[in-house]
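The structure appears below as structure tokens.
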Amino acid sequence: MGNAITYLKLKFSLASPLAIGSGNDSVTDSDVILDSADDPVIPATALAGAIRHFLAAYGNLDDSFWGTIGNSSDGKAISSRIRFYDAVLGSDHFITFRDGVALSSKLPSELLENEMPYNKIAVDGAKFDMEAVETNAEFSALIELLNASEKEKSDIIKTLAAFDCGVLRIGSKTSRGYGQISISWLGISEFTLPQDRKRWLDFDQFNQGNEECYSEITPKLKEFSVTDFADTISLKLKQKGAISIRSYTVKDISSADYTQLSTNDGVPVIPGTSWAGAFRSRFKELSADPVLTDKLFGFVDTENNEQQKSRIYFSESRLKNGISKMITRNAIDRFSAGVKDGALYSEITCYDSCCDLDITLLKDVEETEKCRIIIAAVLCDLSNGYLSIGGLASVGRGIFEITEMKLNGRDVTEALEKCDLSGMMGDEVSE
């Protein structure tokens, strides 16, 4: 085998916040990993792990290419022929703070003795906060392949296409709206040694501005479709009333006690965690099957040291064309009809916005057809106002109407309006 070296260079921007922890908790429970210049960095291990896991999941992992540790047929270790380099920042950035909490969601059959059947109540010890790199930050990364076959190159490019279409993401909480990237440029540079030795020695793979040394192959990313791996549901929604997804990191406490969760540029957002929590609770209720719910939405069982990654992904939604208002409320004593001491608070919330929501349902989930039909029923509940998002649902917050629904690019809004579950999820619309 000749000595061939291939470099793949990609430039990408964050299509959603990136939560990639350093293991430190100096500022929050999970601080973003930084380089020596205090800029966010994506470690090579994060890229390598995501790509290797993806190829293994779809049966394209080749140990002779990726390497082994004494697990080959003859018991010898095999050196990897693929090398990853850290993805480095190439633009301005902003590190935001996000709050989170786990909420209870139990069926009557799951309640313990004397346990009240309340949902959306915070689980003890499940409150946390974390740092995340805000959307639109730009990075560049480098992948080096040694003596790679055309199939091995194609597999890596296919994996990069999975990143670009949102099936594969980086960091933590990837199924809950974090870690999605958009690849703006992909280039390839190939050398055969010793023939290209002079050109290879002059080549500087760490030079961030050497695109002229690469042949652009960005269009190759479009040769692979997201539908090879998953079904995508694209929704356009209209907010009916107000929403309450609170951020407790308020810059000016003189203006309000709480504000609607927003990006650094002031755009209100609904995080994927809020969508996933609402959908999971209603899916569990409609299916009456906690096991199937765990298989689809994932779970972590700390007592038995068991866990499973979610097979359904939710995007983060940016609220547009809305109106921000400050609402001041107080609690009233129902016996005296007077205000309660210490119960006055102000909240900045958002009214009458529009937003988009993308849901990715992986095709390798168990009982796929059953899951698709139940998800369709959950969408009907959402569109008809029976499923609310965020807090203060009991006073009319978080109600949406779906104005457009597409499944894998095909418009199925008519089926949604009829609550035709099979038509919504792929079959022809029933008359």
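The values are calculated or read from the model by the stated rules, or taken from the named source; none is laboratory data. Please read these numbers as outputs of a predicted model, since none were measured by experiment. Positions of Cβ are generated from backbone atoms using ideal geometry, with glycine treated the same way; all protein chains shown enter the neighbour counts.
What to note about this one:
- In segment 259-318, the residues that are of a type in the set (D, E, K, R) and without any contact (Cβ under 8 Å) to a residue 40 or more places away in the chain: D265, D289, D294, D301, E303, E306
- Qualifying residue in segment 382-405 (condition: within 24 Å of L168 (Cα to Cα) and surrounded by 13 or more Cβ atoms within 10 Å (Cβ to Cβ)): yes
- Selection count where residues are part of a helix (DSSP H, G or I) and in contact with an Asp or Glu (Cβ under 9 Å, 6 or more places away or on another chain), scope segment 379-415: 5
- Exactly one residue out of V365, V429 is touching a Leu at 6+ places or on another chain (Cβ under 7 Å), among the hydrophobic types (A, V, I, L, M, F, W, C), modelled with pLDDT under 90 and part of a loop (DSSP other than H, G, I, E, B), and it is V365.
- Only one entry in Y351, Y345 is of a type in the set (S, T, Y), in the same structural domain as T273 (by TED's automatic domain parsing) and modelled with pLDDT under 80, namely Y345.
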